[in-house]
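Chemist: Input: one structure, supplied below.
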Amino acid sequence: MGKLATIFKDTAIYGLSSIIGRFLNYLLVPLYTAQLSAASGGYGIITNIYAYVALVLVLLTFGMETTYFRFTNKTHTDSETVYGTTLISVGTVTLAFAALVMLFLSPISQAMGYGDHPDYVGVMAVTVAIDAFLCIPFAHLRQQKKAVKFAALKLLNIVVSILLNLIYFYFMDGKDVGYAFYINLVCTVMLALCLITEYTGFRWKLDKQLLRTMLSYSWPILVLGIAGILNQTADKMLFPYLYPGEDMQTQLGIYGACSKIAMIMAMITQAFRFAYEPIVFAGVKDKDSHEMYAKAMKYFIIFTLLAFLIVVGYLDILKYIIGADYWIGLRVIPIVMAAEIMMGVYFNLSFWYKLIDKTIWGAIFSGIGVAVLLAVNVIFVPKYGYMACAWGGFAGYGTAMVISYVVGQKYYPIDYPLKDILNYVFLAAIITAMMFFGRSHNDSAWVNILINTGWIISFVAFIIKQDLPLSSLPVVGKYFKK
């Protein structure tokens with residue numbers, strides 16, 4: 001239970017910073033959707049460009065975050081050499097990327113549909129190059145268990161970004177979407193300066209033999225990462241090419257804005273990953289590791305289902321995060337959230353092939369998932385618009401999750417508590433159906449919120465009864481002991 005407790009403690013730190021950070025970042029969504037109306041297509045531009053940024057970030061880090069964790073915990077490698085080799089390799093790639101984009105900025109901007117605004121592409125190319133490099137110092141903080149510093153820097157970056165956006169878009173009543181990208185660059189440069197102690201004070205050394213070994217481990221993770229990020233962003237990149245309507249940017253902006261509300265699942269998964277990944281690789285030889293993996297999966301699913309119910313139950317409040325002219329897309333939120341839960345489960349399942357150094361399996365599973373997503377988008381987006389995007393992600397993650405579990409049980413069997421997990425899933429599905437039934441038969445938002453609160457409390461009560469007895473809690477537990 002020691003390592004599981006550590007996971008929960010670090011997840012709390014990462015999660016709190018991530019939750020607070022995302023919440024603060026959400027302030028940009030009402031700001032952007034208020035200043036950039038749905039009809040203007042401004043938020044559609046932001047959605048589209050940041051989808052490309054997410055993909056490029058994966059390409060530029062090429063799996064070296066996970067590879068760094070794996071190799072720094074191997075007994076025959078020097079952790080400082082591993083870190084230096086990782087920094088140099090990622091730094092070289094990011095510098096080359098930024099230079100090439102600037103060299104061919106005009107044709108790249110034309111191909112992306114931003115020929116009239118090449119500055120959008122240029123600024124974000126430099127920004128994502130710096131961000132990719134900074135992923136390694138941040139991974140180093142996680143490896144060194146410096147969760148507080150990690151969280152503080154992430155929050156600082158977001159707070160400064162919000163302040164600068166407020167100054168331009170609110171106090172100056174700005175309307176130029178390009179300033180969102182310039183502000184991002186300023187914040188990224190500030191973050192790089194704050195992290196200077198993480199890439200100074202030691203001798204940078206590139207071990208070519210080590211690098212070759214690391215690359216042989218990382219390239220399947222790169223393919224896995226590409227497939228994973230395409231599951232999240234391919235619909236937003238392809239939408240302009242698939243949707244035939246003249247209101248394409250408007251529709252994409254609606255989908256992007258509503259998906260932001262659903263991103264609480266991505267936030268929880270990310271927080272869990274930040275804490276879980278270093279511990280898994282460090283404890284691979286522990287006798288109780290399989291039991292820990294099973295318990296971690298169970299509690300991950302329990303609390304993501306609870307988060308799902310909270311968002312669905314209080315959607316009449318949360319919808320005010322975005323402008324009213326974007327509310328037509330709220331129906332995608334439960335679908336996107338369910339897809340994110342499956343993505344989180346898939347991430348938890350992914351450790352079996354990472355621990356036995358067979359990362360090629362991850363590339364295969366994610367590749368199949370992307371193929372499903374692309375097929376759904378290509379076939380159905382022209383007719384059903386962004387609803388097909390939401391269901392494409394659901395189908396893609398669901399496929400990858402199921403295949404990974406089936407194959408994983410053959411090569412690295414773990415006794416997951418499937419009965420308990422399915423009970424929670426079934427209960428959450430029933431409660432969700434009752435929430436939607438109540439909303440469709442009652443026009444009063446506050447009555448629905450009150451009823452939904454009762455449903456959420458019933459789910460929490462089930463958790464306490466089954467897996468979190470009050471008598472086991474610190475401090476208050478003594479009042480519930482018999």
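The values are calculated or read from the model by the stated rules, or taken from the named source; none is laboratory data. This is a predicted model, so every value here is computed, not measured. Cβ placement follows ideal geometry from the backbone for every residue including glycine, while neighbour counts extend to all protein chains displayed.
Chemist: What is the residue count in segment 416-458 for residues that are in contact (Cβ under 8 Å) with a residue 12 or more places away in the chain, closer than 14 Å to residue 345 by Cβ and among the hydrophobic types (A, V, I, L, M, F, W, C)?
Modeler: 3
Chemist: For residue 406, state whether it is of a type outside the set (D, E, K, R) and under 30 Å from residue 44 (Cα atoms).
Modeler: Values: of a type outside the set (D, E, K, R): yes; under 30 Å from residue 44 (Cα atoms): no.
No.
Chemist: Tally the residues that are surrounded by fewer than 19 Cβ atoms within 10 Å (Cβ to Cβ) and of a type in the set (Val, Ile, Thr), restricting the search to segment 131-161.
Modeler: The qualifying residues number 3.
Chemist: Shifting gears a bit: Could you check, for segment 61-82, whether at least one of its residues is under 27 Å from residue 118 (Cα atoms) and at pLDDT 70 or above?
Modeler: Taking every residue of segment 61-82 in turn, at least one turns out to be under 27 Å from residue 118 (Cα atoms) and at pLDDT 70 or above.
Chemist: Okay, moving on. In this structure, does residue 55 turn out to be in contact with a helix residue (DSSP H, G or I) (Cβ under 6 Å, 6 or more places away or on another chain) and either at pLDDT 90 or above or not in a helix (DSSP H, G or I) (or both)?
Modeler: Yes: the conditions hold for residue 55.
Chemist: For the condition touching a residue at least 12 places away in the same chain (Cβ under 8 Å), under 23 Å from the mean Cα position of the chain (by Cα), under 30 Å from residue 110 (Cβ atoms) and part of a helix (DSSP H, G or I), what is the one hit in 181, 138, 169, 150?
Modeler: The conditions single out 181.
Chemist: So which residues in segment 416-435 are aromatic (Phe, Trp, Tyr) and surrounded by 14 or more Cβ atoms within 10 Å (Cβ to Cβ)? Quick ask: steps written out before the conclusion?
Modeler: Within segment 416-435, the subset aromatic (Phe, Trp, Tyr) is 416, 424, 426.
Passing the criteria: 416, 424.
Chemist: Let me ask something else about it. Pairs only if they're at least six apart or on different chains, beta carbon under 8 angstrom, first in segment 219-236 and closer than 16 Å to residue 337 by Cα and at pLDDT below 80, second among the hydroxyl-bearing types (Ser, Thr, Tyr) and assigned to a helix (DSSP H, G or I); list them, first residue then second.
Modeler: 228/366; 231/366; 231/397
Chemist: Could you tell me whether segment 186-195 includes any residue that is of a type in the set (A, V, I, L, M, F, W, C), more than 18 Å from residue 83 (Cα to Cα), touching a Ser or Thr at 6+ places or on another chain (Cβ under 9 Å) and crowded, with 17+ Cβ neighbours inside 10 Å?
Modeler: The answer is yes, given that some residue of segment 186-195 is of a type in the set (A, V, I, L, M, F, W, C), more than 18 Å from residue 83 (Cα to Cα), touching a Ser or Thr at 6+ places or on another chain (Cβ under 9 Å) and crowded, with 17+ Cβ neighbours inside 10 Å.
Every residue, every condition in (1) of a type in the set (D, E, K, R); (2) modelled with pLDDT under 90, yes or no:
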{"position": "130", "(1), (2)": "no, no"}
{"position": "139", "(1), (2)": "no, yes"}
{"position": "154", "(1), (2)": "yes, yes"}
{"position": "160", "(1), (2)": "no, no"}
{"position": "203", "(1), (2)": "yes, yes"}
{"position": "210", "(1), (2)": "no, yes"}
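Chemist: Name the pairs whose Cβ atoms lie under 7 Å apart, with the first residue in segment 81-93 and under 16 Å from residue 202 (Cα atoms) and crowded, with 19+ Cβ neighbours inside 10 Å, the second at pLDDT 90 or above and β-branched (Val, Ile, Thr), and 6 or more positions between them or separate chains?
Modeler: 86/136; 87/136
Chemist: Suppose we filter segment 431-450 for residues that are in contact with a helix residue (DSSP H, G or I) (Cβ under 9 Å, 6 or more places away or on another chain) and assigned to a helix (DSSP H, G or I); how many remain?
Modeler: Within segment 431-450, residues that are in contact with a helix residue (DSSP H, G or I) (Cβ under 9 Å, 6 or more places away or on another chain) and assigned to a helix (DSSP H, G or I) number 12.
Chemist: Quick check on this structure: which one of 62, 97 is on the phi > 0 side of the Ramachandran plot and not small (Gly, Ala, Ser)?
Modeler: 62
Chemist: So in segment 208-246, with the set limited to residues that are of a type in the set (D, E, K, R) and in contact with a Gly (Cβ under 8 Å, 6 or more places away or on another chain), which one is surrounded by the fewest Cβ atoms within 10 Å (Cβ to Cβ)? Walk me through how you get there before you give the answer.
Modeler: First pass over segment 208-246, keeping only residues of a type in the set (D, E, K, R): 208, 212, 235-236, 246.
Subsequent filtering for residues that are in contact with a Gly (Cβ under 8 Å, 6 or more places away or on another chain) retains 235-236.
Details: 235: 28, 236: 23.
Filtering first and then ranking leaves 236.
Chemist: List pairs: first residue in segment 389-415 and surrounded by fewer than 16 Cβ atoms within 10 Å (Cβ to Cβ), second residue among the hydrophobic types (A, V, I, L, M, F, W, C) and in a helix (DSSP H, G or I) anywhere in the structure, Cβ distance under 6 angstrom, at least six positions apart or on different chains.
Modeler: 415/294
Chemist: Turning to a different aspect of this structure: I need a count of the residues in segment 94-117 that are part of a helix (DSSP H, G or I) and surrounded by fewer than 18 Cβ atoms within 10 Å (Cβ to Cβ). Step through it out loud before you land on a result.
Modeler: Just the residues of segment 94-117 that are part of a helix (DSSP H, G or I), to begin with: 94-103, 105-112.
Keeping just the survivors that are surrounded by fewer than 18 Cβ atoms within 10 Å (Cβ to Cβ) gives 95-96, 99-100, 102-103, 105-107, 110-112.
Going through segment 94-117 one residue at a time, the tally reaches 12.
Chemist: Hand me the list of helices (runs of 4 or more DSSP H) wholly inside segment 255-352 holding 2 or more residues that are of a type in the set (Phe, Trp, Tyr), modelled with pLDDT of 75 or more and surrounded by fewer than 22 Cβ atoms within 10 Å (Cβ to Cβ).
Modeler: 289-313
Chemist: Read through the list (1) at pLDDT below 85; (2) in a helix (DSSP H, G or I), then give the number of the only condition that residue 482 fails.
Modeler: (2)
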